Amino acid sequence: MDETRALPLISIIVPVYNVKDYVEKCLDSICGQTYKNLEIVVVDDGSTDGSGEICDTYAQKDPRVKVIHRENRGVSAVRNEGLDIALGEYIGFVDGDDWIDSDMYEFLYELLIVNEADISVCSHYIEKPGKRKIKYASDKVLNLIPRDAIRLLVKDDIVRNYLWDKLFKRELFDGLRFPQNTCFEDMAVMYRIFYRARKVVLKSQPKYHYMIRTDSLIVWYPSYRSYNACTSFSCYRRNNKKCT
């Protein structure tokens, strides 16, 4: 993209907590995006392993990077603070131990604009040490009204309850923040965000690299699928009764 000044600002919120072995790859992949008009909001959630200092070096090199250091309060509080600070017309999320393809935000932005949607969705790779898996891939473009998008969220197959494989119009988060002191906080807001959107567009090309670490919550949680389904319906019914 050459006409970067004409492009709207995308704010990318990056929670960082004790990920010094991963955060450089993460920030390199964001700073190297083909979509250049970015605001990169890095929130260091009280890291004790030097991750915060690494982030500071990126802020010194790239004026698009803003680093906020704070006491540890958890990923929901970090994302909420990022939303409070972000100035972009569009919002994306990347976790500090993951990374993205160089054209991910160009891909998501063009998908959203061409299809006149409020949310665009891609697919992702699952990364494990020495192993990579594509979760789902298709060239088909799906334009979804909120009800149909929510049904796919409940199925948790081609549309997942993750923030990081999506690009959102900023206005969808107006008056909405992530609940604190809860597991799988993405689910608690995803249905509300989808319900607010006029249209969700999906093209399942993998662009995001999701790292599975041995200390990941998804690894040790034995009933993630059951928890997901239960939480999905409870969040949906509690927050979006007009759709039931």
>> Looking for something in a strand (DSSP E or B) and open to solvent by 20 Å² or more (accessible area, probe 1.4 Å) - is there at least one such residue anywhere in the range 23-32?
In response: no
> For the range 4-22, what are the residues that are open to solvent by 10 Å² or more (accessible area, probe 1.4 Å), touching a helix residue (DSSP H, G or I) at 6+ places or on another chain (Cβ under 8 Å) and not in a loop (DSSP other than H, G, I, E, B)?
Replying inline: 15
> With respect to the numbered conditions (1) within 13 Å of residue 13 (Cβ to Cβ); (2) free of Cβ contacts under 8 Å to residues at least 40 places away in the same chain; (3) open to solvent by 30 Å² or more (accessible area, probe 1.4 Å), which one is the sole condition not fulfilled by residue 85?
Replying inline: (2)
>> Restricting to the range 42-82, name every residue that is crowded, with 16+ Cβ neighbours inside 10 Å, assigned to a loop (DSSP other than H, G, I, E, B) and at pLDDT 95 or above.
In response: 46, 47, 64
>> Take the residues in the range 102-157 that are within 30 Å of residue 25 (Cα to Cα) and among the polar types (S, T, N, Q); name whichever of them is surrounded by the fewest Cβ atoms within 10 Å (Cβ to Cβ).
In response: 138
>> Every residue in the range 159-184 that is of a type in the set (Val, Ile, Thr) and either surrounded by 17 or more Cβ atoms within 10 Å (Cβ to Cβ) or on the phi > 0 side of the Ramachandran plot (or both), please.
In response: 159
> Does the range 182-193 contain any residue that is at pLDDT 90 or above and either farther than 23 Å from residue 12 by Cα or out of contact with any Leu (no Cβ under 9 Å at 6 or more places or on another chain) (or both)?
Replying inline: no
> Of all residues in the range 93-137, which are of a type in the set (Asp, Glu) and closer than 25 Å to residue 55 by Cα?
Replying inline: 95, 97, 98, 101, 103, 106, 127
> How many residues does the range 127-148 contain that are modelled with pLDDT of 95 or more and either more than 20 Å from residue 115 (Cα to Cα) or of a type in the set (A, V, I, L, M, F, W, C) (or both)?
Replying inline: 4
>> Among the listed residues 102, 76, identify the single one that is within 24 Å of residue 197 (Cα to Cα), within 16 Å of the chain's Cα centre (by Cα) and not hydrophobic (A, V, I, L, M, F, W, C).
In response: 76
>> Any residue at all in the range 118-129 that's more than 15 Å from residue 190 (Cα to Cα) and aromatic (Phe, Trp, Tyr)?
In response: yes
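The values are calculated or read from the model by the stated rules, or taken from the named source; none is laboratory data. On a predicted model such as this, the values are computed, not experimentally measured, just so you know. Ideal geometry is used to build each Cβ from the backbone, glycine not excepted, and the neighbour counts take in all protein chains shown. Surface accessibility is based on the protein's heavy atoms, side chains included, excluding ligands, DNA and RNA. Shrake-Rupley method; radii C 1.70, N 1.55, O 1.52, S 1.80 Å.
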